[in-house]
């Protein structure tokens with residue numbers, strides 16, 4: 001052995017020499033003491049001490065020599081075993097492994113790893129990333145997980161690294177090692193190619209469940225005198241051909257309603273094609289006006305059973321219909337995705353539908369101990385009007401009611417001046433703190449003009465309510481955290497006040513609605529229809545006629561819209577910074593000074609831009625504090641809701657809004673333009689796929 005520490009003439013010899021020296025010193029000291037304090041002659045004492053010294057040195061020599069022989073033997077045998085293990089690892093172990101340093105450089109590998117990597121030459125000191133595309137950060141994370149597993153004995157915390165080499169896939173186990181004070185990592189590669197293939201095949205063959213419904217035949221029947229059965233049959237043929245091309249199964253379970261099963265792989269192709277089936281069906285038209293037939297699709301891949309997916313698919317279809325139809329809603333493990341929705345929906349409600357909703361709502365109110373009504377924060381006339389309408393219905397049914405609203409806003413003061421003078425409304429309007437104290441097990445919360453509980457006047461009330469009803473006309477963006485007992489969301493309605501007015505017409509006796517209440521409801525309809533010039537249908541005028549018969553005066557309601565001089569100045573600031581984008585889209589912006597009026601000014605500025613020739617859509621951006629508020633308006637040819645939904649907003653086909661935080665106006669404008677480009681790119685890509 002060449003190592004000095006393991007040689008008899010190395011460190012062990014030095015240790016034995018030290019022992020000899022110590023014994024010699026002790027012998028001399030003893031000899032001096034004997035000669036000084038006794039009568040023994042120096043010669044006799046020296047001979048005796050020298051003999052003892054020789055005997056002790058001989059004993060130590062024999063003991064150390066025996067131990068060194070044993071040590072040598074053990075080390076030789078250990079080296080032979082270690083060399084044998086290393087040789088076996090490198091040449092006979094079938095599992096590929098590599099040892100790397102903390103910089104990701106390869107120190108050693110075995111033959112199996114060389115075969116897996118397909119390299120015959122040595123790659124000592126090569127970068128592991130260049131061979132199997134594994135990052136050092138992944139290795140460090142896996143090493144930390146391995147340490148955590150060793151401490152907790154839990155496999156749940158282990159992270160798996162999967163890499164590819166020569167079309168094979170491997171899971172990588174990382175084991176940290178330490179030698180001579182340096183950190184190394186042993187990477188063990190387990191071939192999981194067949195397992196991955198089986199898993200992918202399983203995932204591709206998981207059946208997705210879809211519900212499909214022709215969603216606008218009822219309104220077509222109102223305007224088209226001739227039979228539409230031939231067109232419905234044509235749509236059915238298109239659906240079946242689409243299902244056949246996707247390897248799916250489709251069955252009609254009711255008139256113009258279908259259920260479809262397809263593989264996850266086929267669903268992926270539909271997603272990549274952005275469900276071009278919607279555009280194919282939209283080309284089927286009826287009558288002299290060429291009204292298009294549209295379908296709504298709800299599809300789900302969630303849940304462990306077909307029953308669970310069927311339930312989620314039905315919920316997705318319901319969301320597609322609540323968003324206005326002519327679209328596909330996909331619910332999967334990553335969330336909810338929307339496709340289509342480019343056709344402006346027509347009003348679908350009927351007297352029968354409103355009667356059913358009214359009866360259900362009256363039953364819920366009558367069975368409640370008290371009612372709390374609430375709209376969105378920063379209430380407009382529509383939110384306030386719908387709240388007042390539900391309060392009027394609750395009072396008629398003899399149930400105590402409170403309206404949670406910010407009574408300090410200009411909109412509230414403008415439209416409720418006369419209403420607050422009535423004794424019935426002296427204690428009806430409360431803030432969120434009082435409203436929260438009104439909640440009990442029997443309380444019914446009625447949410448109006450909103451379906452996103454995060455934007456309510458007091459979200460904590462919604463979080464603590466046991467029973468909830470929702471009445472709204474905005475497009476639903478996501479599922480409710482807890483399903484309400486009643487969800488009446490109709491995106492074809494002009495306003496929430498219109499929906500509530502229909503409910504009151506079905507529920508209240510004649511001359512029951514007070515004219516002060518009717519005026520607020522009328523103002524709610526007027527503000528969302530821009531004085532009956534936008535998003536107006538026959539049901540809208542019918543609701544206005546009912547309110548007019550109850551004493552509402554459109555002329556008086558218009559006085560609510562009179563703006564203050566400061567509002568006029570806020571709106572005027574938008575004209576200084578305007579531009580045309582993509583030839584037909586106007587964009588304007590301003591820095592706000594008064595939060596209470598600037599958002600309204602932005603909406604009015606967007607409305608005014610639509611009056612410009614060849615402008616089909618308009619967006620007004622206003623910076624208020626750390627937020628950029630965006631108001632979008634359209635003449636009906638561009639879906640501003642889909643555009644603003646891409647940046648977290650929402651609303652209607654021709655009227656939507658969004659808010660961006662921690663951005664300046666230039667950054668917000670760039671983000672908005674990117675969303676506009678994406679919207680038009682989606683339309684272009686679908687058209688190319690059809691061609």
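Each reported figure results from applying straightforward, stated rules to the coordinates on display, with no laboratory input. Remember, it's a predicted structure, so these values are computed and weren't measured experimentally. Reconstructed Cβ throughout: ideal geometry from the backbone, glycine too, with neighbour counts over all protein chains shown.
List of remarks:
- Pair residue 661, residue 38: separation of 7 Å Cα→Cβ label points (nm): 9.6
- Contour minus Cα-Cα distance for residue 129 and residue 17 (0.36 nm per residue): 34.9 nm
- Projected label points at residue 626 and residue 532, each 7 Å from Cα along the beta carbon direction, are separated by 4.6 nanometres.
- Per-residue Cβ neighbour counts within 10 Å put 578, 394 in the sequence 578, 394, beginning with the fewest.
- Once the Cα-Cα distance is subtracted from the 0.36 nm per residue extended length, the residue 396 to residue 311 segment shows a gain of 26.8 nm.
- Segment 362-405 residues near the modelled residue 413 label - backbone nitrogen below 18 Å, point 7 Å along Cα→Cβ: 378-381, 384, 405
- One compactness figure for segment 206-340 is 1.02, namely its Cα radius of gyration divided by 2.2 N^0.38 Å.
- Residue exposure sequence - 412, 480, 124 - by fewest surrounding Cβ within 10 Å: 124, 480, 412
- Förster-model FRET efficiency, 30 Å R0, residue 168 and residue 304, C-beta, rounded to 0.05: 0.45
- Beta bridge orientation in segment 565-690: antiparallel %, DSSP, nearest 5: 75
- Extension gain, residue 105 to residue 431, is 110.8 nm, computed as 0.36 nm per intervening residue step minus the present C-alpha separation.
- Overall, the anisotropy analysis places segment 351-561 in the rounded class: the square-rooted eigenvalues a ≥ b ≥ c of its C-alpha gyration tensor yield a/c less than 1.5.
- DSSP beta bridge pairing in segment 351-561, given as percent antiparallel to the nearest 5: 5
- With an a/c value of 1.5 or above and a/b larger than b/c for the gyration tensor axes a ≥ b ≥ c computed over the alpha-carbon atoms, segment 369-408 is described as prolate.
- Whole-Å distance, taken between Cα centres, linking segment 326-342 and segment 440-518: 25
- Arranged from fewest to most other beta-carbon atoms within 10 Å of their beta carbon, 29, 99, 500 become 29, 99, 500.
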